[in-house]
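Colleague: The structure follows.
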Amino acid sequence: SDFKKESDVKEKYVNKENAEALETVENKKVKFKRNLTKTNVEYDFKIIQDTSKKSYTSGELENLIAYFQSRYEKLANILVKRPELKNYTKVADIEEGQSNLSLILMVREIRSTKNGHKLIEFEDDTGTIPILFSNKNEEVFKEAEKLVKDEVIGVLADKNGDLAIGNEIINPGVMRIPKKEMDFSIVFLSDVHIGSLTFLEDAFTRFIDWINCEFGNEEQVKIAESVKYLVIGGDIVDGIGVYPNQEKELAIKDITQQYNEAARFLGNIRSDIKIIIAPGNHDASRVAEPQPAVPEEYAKALYELDNVEFISNPGVVSLDGINVLIYHGRSFDDLVMAVKEFTHEKNDLLMEELLKKRHLAPIYGERTPLASELEDYLVIDEVPDVFHTGHVHINTHKKYNAIHLIISGTFQTQTEFQKIYNIEPTPAEVPVLYKGKYKCLKFI
């Protein structure tokens with residue numbers, strides 16, 4: 001649904017004085033619209049996964065070993081439920097003369113032979129094994145081309161002497177999930193980038209007015225009235241020092257002031273909407289994933305708002321029984337670099353691939369910094385009803401095995417970085433799961 005120009009909109013603002021940011025200083029605390037009216041709405045809100053206070057890594061080698069063991073064990077527990085892998089063999093237990101192999105392995109190194117085949121060295125916790133994927137077997141070769149370092153898969157192979165030939169690659173994957181009924185709506189945002197010179201303040205103000213049921217046509221206001229939750233999947237602010245010379249592109253050059261400005265906007269959203277905020281790579285959380293929730297020391301103004309919940313990246317929440325996996329999406333950069341068929345524009349394929357791999361950031365040691373925790377929290381343990389990401393600034397929706405894959409766009413125009421890589425953002429397009437059906441509202 002496209003919004004008409006304000007001059008064309010017949011619906012008038014409800015109480016124009018309230019439509020402006022209500023900032024009355026009381027006891028030295030700024031009061032916003034959401035603070036003025038207490039809500040009676042009942043929320044069935046649960047945090048299923050939040051790693052904010054579960055970071056125990058010391059960065060030592062033992063932590064790294066434990067991290068990869070955790071990854072292997074979690075994904076092996078998913079894979080072993082497949083009939084073909086029920087009686088899988090460990091590398092060290094492969095017998096002399098054994099010809100049929102059923103293995104659960106982690107990718108160690110990927111090479112191409114001079115004849116264009118894929119020769120991949122795998123490992124488990126007992127040893128290593130090279131397996132050749134022939135380009136003459138088109139189906140399995142196509143799957144082999146999507147393999148990335150450090151992911152865990154099942155492999156069926158034939159062994160003849162020292163050479164193993166891969167016949168089938170089995171991803172952990174996701175089964176089709178049953179549909180759940182929704183009598184409420186969820187709005188998804190990310191990459192708002194408040195504080196940037198390219199932040200679209202007018203469009204974001206229209207969004208705030210819409211969610212308050214004060215802007216839009218009859219159908220759009222009806223959607224707004226049904227909204228119960230607002231999920232923000234990272235980069236609510238533009239941050240400081242995220243990339244070289246960023247200060248030249250900032251309207252607000254202080255991180256606390258950026259979060260204060262975010263609180264000014266979110267503080268004027270009506271009080272019966274619960275807001276869930278996860279960090280992204282521009283936020284004031286640590287850079288390495290999993291990222292703890294945005295810290296209160298920088299975002300005190302946001303923490304003072306009623307009905308705002310903070311969660312880690314990644315994080316999982318249950319919203320009235322709808323399980324939402326929130327991940328900012330930085331690992332998309334690594335997938336695009338590693339697999340030639342992937343692009344930022346076809347980001348629905350990236351989300352689908354992460355679900356197939358059952359891991360949010362499988363490649364270790366590239367652009368996406370990963371903390372070597374004692375447990376790998378980026379494994380997708382449970383299949384969600386909604387998988388929400390951002391980062392790429394391109395709005396997308398797809399249903400995959402009945403799971404809603406939602407990438408919220410951005411409220412920022414094209415950045416210098418995006419110009420270099422020819423990435424065209426879709427600014428001010430907001431996805432809404434309207435009582436279970438996908439809608440996209442445009443505020444520009």
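Coordinate-derived values only; no laboratory data. The model shown is predicted, which means the values in this text are computed figures rather than measured ones. Reconstructed Cβ throughout: ideal geometry from the backbone, glycine too, with neighbour counts over all protein chains shown.
Colleague: Can you sort PHE188, PHE265 so the residue with the fewest Cβ neighbours within 10 Å comes first? Intermediate values should be presented prior to the final figure.
Modeller: Working: PHE188 26, PHE265 19.
Ranking PHE188, PHE265 by Cβ neighbours within 10 Å, fewest first, gives PHE265, PHE188.
Colleague: Hey, rough spin-label estimate for ASN137 and ARG111, points 7 angstrom out along Cα→Cβ, what's it come to in nanometres?
Modeller: 2.0
Colleague: Starting from the Cα gyration tensor of region 296-443, take the square roots of the eigenvalues, sort them a ≥ b ≥ c, and report rounded, prolate or oblate (rounded when a/c is under 1.5, otherwise prolate if a/b is larger than b/c, else oblate).
Modeller: Numbers: a/c = 1.19, a/b = 1.08, b/c = 1.10.
Here region 296-443 falls in the rounded category.
Colleague: Right, another one. Starting from the Kirkwood Rh over alpha-carbon pairs, what translational D in µm² s⁻¹ does region 36-137 have by Stokes-Einstein at 37 °C and 0.692 mPa s? Show your work: numbers first, answer last.
Modeller: Working: Rh = 17.8 Å.
Stokes-Einstein gives a translational diffusion coefficient of 185 µm²/s.
Colleague: Taking the Cα centre as origin and putting +1 on Lys and Arg beta-carbons and -1 on Asp and Glu beta-carbons, what dipole magnitude results for the chain, to the nearest 20 debye? Write down the numbers at each step before the final one.
Modeller: Numbers: 56 positive and 74 negative charges, 175 e Å.
It works out to roughly 840 debye.
Colleague: Next up: Could you point to the residue in ILE236, VAL155, ASN212 farthest towards the positive end of region 144-254's charge dipole, with +1 and -1 charges on the Cβ of Lys/Arg and Asp/Glu respectively?
Modeller: Working it through, the farthest residue towards the positive pole turns out to be VAL155.
Colleague: To continue, here is another question. For region 284-296, in order, what is each residue's ³J(HN,Hα) by Karplus, 6.51 cos²θ - 1.76 cosθ + 1.60 with θ = phi - 60°, in whole Hz (x at glycine and Pro)?
Modeller: Result, rounded to whole Hz: 8, 8, 5, 6, 5, 8, x, 8, x, 4, 3, x, 5.
Colleague: If amide H atoms are built 1.01 Å from N in the plane of the peptide, which residues on other chains or at least 5 residues away come under 5 Å of the amide H of TYR400?
Modeller: LEU405
Colleague: What ranking do 391-399, 84-92, 40-48 get when scored by the average of other Cβ atoms within 10 Å per residue, highest first?
Modeller: The densest-packed peptide leads the list: 391-399, 84-92, 40-48.
Colleague: Related question: Taking +1 at the Cβ of each Lys and Arg and -1 at the Cβ of each Asp and Glu, which of ILE78, PHE141, THR89 sits farthest along the dipole of region 46-194 towards its positive end, judged by Cα position relative to the Cα centre?
Modeller: Positive-most Cα among the choices belongs to ILE78.
Colleague: In whole Hz, with x marking every Gly and Pro, tabulate ³J(HN,Hα) for region 276-281 from phi via Karplus 6.51 cos²θ - 1.76 cosθ + 1.60, θ = phi - 60°.
Modeller: Per-residue couplings from phi come out as 10, 10, 10, x, x, 6 Hz.
Colleague: Write out the trypsin sites (Lys or Arg not before Pro) in region 168-207 meeting two conditions: DSSP loop, and at most 13 other Cβ atoms within 10 Å of their Cβ. Don't skip to the end; give the middle numbers.
Modeller: Details: sites: ARG176, LYS179, LYS180, ARG206; in loops: ARG176, LYS179, LYS180.
Here the sparse-neighbourhood loop sites are ARG176, LYS179, LYS180.
Colleague: Sticking with this structure for a sec: Provide the descending list of Cα extents for region 220-331 along its principal axes, expressed in whole angstroms.
Modeller: Answer, in whole Å and largest first: 43, 29, 27 Å.
Colleague: Can I ask one more? Based on the Cα atoms of region 80-170, what semi-axes does the equivalent ellipsoid have, where each is the square root of 5 times one gyration tensor eigenvalue, given in whole Å with the largest first?
Modeller: Values: eigenvalues 72, 41, 34 Å².
Each semi-axis is √(5λ); the values are 19, 14, 13 Å.
Colleague: Continuing with this model, one more query. Please list the three semi-axes, largest first and in whole Å, of the ellipsoid equivalent to the chain, using sqrt of 5 times the eigenvalues of its alpha carbon gyration tensor.
Modeller: Numbers: eigenvalues 387, 92, 84 Å².
Calculated on Cα positions only, the semi-axes equal 44, 21, 20 Å.
Colleague: Another question about this same structure. Looking at ALA371, ILE277, TYR298, which one has the Cα that reaches farthest to the positive end of the dipole of the chain (charges on Cβ: Lys, Arg +1; Asp, Glu -1)?
Modeller: Selected residue: ILE277.
Colleague: For each of ASP209, ASP381, count neighbouring Cβ atoms within 10 Å of the residue's Cβ, then give the residues from fewest to most. Intermediate values should be presented prior to the final figure.
Modeller: Working: ASP209 19, ASP381 15.
Final ranking by Cβ density, sparse to dense: ASP381, ASP209.
Colleague: Of all DSSP beta bridges in the chain, what percent run antiparallel (nearest 5)?
Modeller: 70
Colleague: Can you give me the Kirkwood hydrodynamic radius for region 117-276, using every pair of distinct Cα atoms, in Å to one decimal?
Modeller: Numbers: mean 1/r = 0.0482 Å⁻¹.
About 20.7 Å for region 117-276.
Colleague: Ok, one more. If you take every DSSP beta bridge whose two residues both sit in region 314-435, what share of them, in percent to the nearest 5, is antiparallel? Write down the numbers at each step before the final one.
Modeller: On the way: 11 of 19 bridges.
Looking only at bridges with both residues in region 314-435, the antiparallel portion is about 60 percent.
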